[in-house]
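Step one of this worksheet: look at the structure below.
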Amino acid sequence: MGRLEHDLVRPILKMFDEVIPKLTKGMAQGQARYARHLEDAAEAFERTDKSHISPDHHPDPPSRMPSREVTGPHLDAHGDTVRRRWTPADEAGPLSEGYPANTFRSGTYDEVVLAQDTRMYRVVTPDGKPNGGFWTREKPTGPLQSQLDSALLPEWKINRYGDKMRVTEPQATHYVESVIPKGTVVYEGAAGPQTGTAFPESTLVGGGHQVYVKDVPAQWVVTSLLRLAP
């Protein structure tokens, strides 16, 4: 190696001599931090309340896990237990393949067990059914917003006059409140879009929070009809 080549290579070799130990040390420190992170996560999991999980619950290993169990049991933002999320890619879920599963956006909903008595709201018309199946955790703010959020088609409330004249009435003029007891299984997701048949050009996209409860006894409803301010 000539002197010129030696003078050019020597700084490069010196740089490697300085940098490589630093890189090695940094990688070792990063691995140590990652290991501590895993240990902290494991300790945090051990401290969590797992009373909602049955002691004899032994999930299948991943290779045998049914495809419908997307996330497995976990707690949602309300502290309720989400058993699983159902999607159209799964076998028919607890709400079947048609109604009411198809009232959720993309036919996707969570199967949830309430951890405590939970107040919910249902918008209705004056002659509507207070203890129907569709509810929401969000208190309604007005008739129009409720109708848009829940995709309540105008044609579902039609008064006919004569053979041709049809007048649609608001779908969400009132609401009721209920208290759904702890331990009840409910189905939650975003309200799906609805397209009219009497008025095909009428489409509401939905998107509001929706809860479906299979059976709601009248005694769970804790208020009379409350009028929504326009």
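Bear in mind these aren't lab numbers, they're just calculated from the coordinates by the rules spelled out. None of these values were measured; they are calculated from a predicted model. In this analysis, Cβ positions are derived from the backbone assuming ideal geometry, glycine residues included, and neighbour counts consider all displayed protein chains.
As a rough guide to protection, the peptides 87-95, 205-213 ranked by mean Cβ packing within 10 Å, highest first, stand as 205-213, 87-95. With a cut-off of 15 Å between beta carbons, the residues surrounding THR141 carry a summed charge of +1, where Lys and Arg count +1 and Asp and Glu -1. Here r is the Cβ-Cβ distance between ALA89 and THR223 and R0 is 45 Å; the resulting FRET efficiency, rounded to 0.05, is 0.70. Sorting 96-107, 115-126 by their mean Cβ neighbour count within 10 Å, with the most densely packed peptide first, gives 115-126, 96-107. The listed peptides 178-186, 128-136, ordered by packing as a protection proxy, come out as 128-136, 178-186 (highest mean of other Cβ atoms within 10 Å first). May I ask you to derive the FRET efficiency for VAL113 and TRP156 from their Cβ-Cβ distance with R0 = 25 Å, giving the value to the nearest 0.05? The formula returns an efficiency of 0.20 here.
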